[in-house]
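We did not get these values from a lab; they are worked out from the coordinates using the rules stated. No experiment lies behind these values; they were computed from the predicted model shown. Every residue, glycine as well, gets a Cβ built from its backbone with ideal geometry; the counts of neighbours run over all protein chains shown.
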Amino acid sequence: MTKKEAVGERFPYRIQVLDRAVAILELLWQHGRELNVQAISAGVGVNHNTVRRILKALAYHGLVEEDGGSYRLGMKLFELGSSVVARLDVRVRARPYLERLVLETGETAHLCILDRGEVLYLDKHEPMRTMRIPSEIGRRNPAHCTAVGKALLAYLPEPELEELVRRQGLRAYTSRTITTLVELKRELAQVREQGYAVDNEEFEEGLKCVGAPVRDYSGRVVASISIAGPAFRLTEERIPVLAQSVMEVARELSRELGYRVEEVVSISRAAS
């Protein structure tokens with residue numbers, strides 16, 4: 001018995017057809033070439049008819065492609081894998097920008113993405129000062145009451161935003177937390193208008209943050225960058241100045257990821 005099989009037997013949510021589908025995908029990946037139904041059946045130890053039905057379902061979803069009775073991995077896997085690689089790529093590329101942001105503002109800088117409706121912290125850089133905001137890579141926070149979260153939510157399609165709110169809810173963390181969809185939509189419209197988001201002690205008393213979106217080559221918002229600091233340092237007067245630094249760093253990182261405003265506008269016009 002393999003280690004994977006041993007772990008699988010203890011896993012309480014195994015679904016046989018899903019296990020078989022994954023085994024087929026892994027077999028095609030290991031061989032690196034097209035295989036017919038007979039070869040796949042022998043490779044995964046499942047009868048021909050079952051393998052054929054699973055392959056048809058995988059082909060329907062673009063996970064495999066059929067060519068003359070043989071099968072290879074489909075482009076849908078490339079799309080899914082590219083999304084993961086993009087996350088890793090943006091983290092590597094963002095590091096010098098986070099360091100620069102800390103030097104310019106003196107506050108803790110973060111790089112985040114939206115993952116399953118929550119903000120996931122991919123990276124951080126902290127200043128060398130006694131009083132700073134401690135944070136943790138891999139931590140998750142709610143999106144509706146954080147600057148990085150609002151910078152990401154602001155560019156979601158409205159149906160997607162509404163579904164996310166329906167699923168996640170709008171929990172109150174402080175007396176300043178936005179707790180209704182109407183309020184949230186109003187706030188996100190302001191984020192789009194001014195180009196940055198503010199967490200005004202909405203997630204934690206005494207903590208303020210400023211965040212801005214990061215775009216890829218297609219103009220899609222793929223991450224956000226923010227600074228976080230104590231409320232007594234991130235004053236109302238100072239926030240607009242700090243926001244300019246955050247937005248400029250986010251714009252420069254976006255350009256490094258291939259974002260060009262003029263090119264994206266041209267593509268959009270051509271598509272319409």
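What the table below lists for this structure:
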{"item": "Per-pair calculated FRET efficiency, R0 = 35 Å: M75 and R139 via Cβ, rounded to 0.05", "result": "0.55"}
{"item": "Between helix 239-256 and the chain: long-axis angle, C-alpha atoms, 0 to 90°, nearest 10", "result": "30"}
{"item": "Tilt relative to the chain, helix 48-60 - C-alpha long axis, 0 to 90 degrees, to 10", "result": "30"}
{"item": "Those chymotrypsin sites (Phe, Trp or Tyr not before Pro) in the range 12-62 that DSSP places in a loop and that have at most 11 other beta carbons within 10 Å", "result": "Y13"}
{"item": "Three-way shape call for the range 70-210 based on the alpha-carbon gyration tensor, with the a/c threshold at 1.5", "result": "oblate"}
{"item": "Sequence of F203, F78 once ranked by neighbouring C-beta atoms within 10 Å, starting from the fewest", "result": "F78, F203"}
{"item": "Rel. contact order, % - alpha carbon contacts under 8 angstrom, at least six apart, the chain", "result": "14"}
{"item": "The chain: angle of helix 261-271 to the longest principal axis, Cα-based, in degrees nearest 10", "result": "50"}
{"item": "Order by protection proxy (mean Cβ within 10 Å, highest first), peptides 216-229, 162-175", "result": "216-229, 162-175"}
{"item": "Mean-position separation - Cα centroids, the range 107-124 and the range 140-182, in angstrom", "result": "14"}
{"item": "For the range 113-189: rounded, prolate or oblate by the Cα gyration tensor [a/c cutoff 1.5]", "result": "prolate"}
{"item": "The range 3-73 shape via C-alpha gyration tensor axes, a/c threshold 1.5", "result": "prolate"}
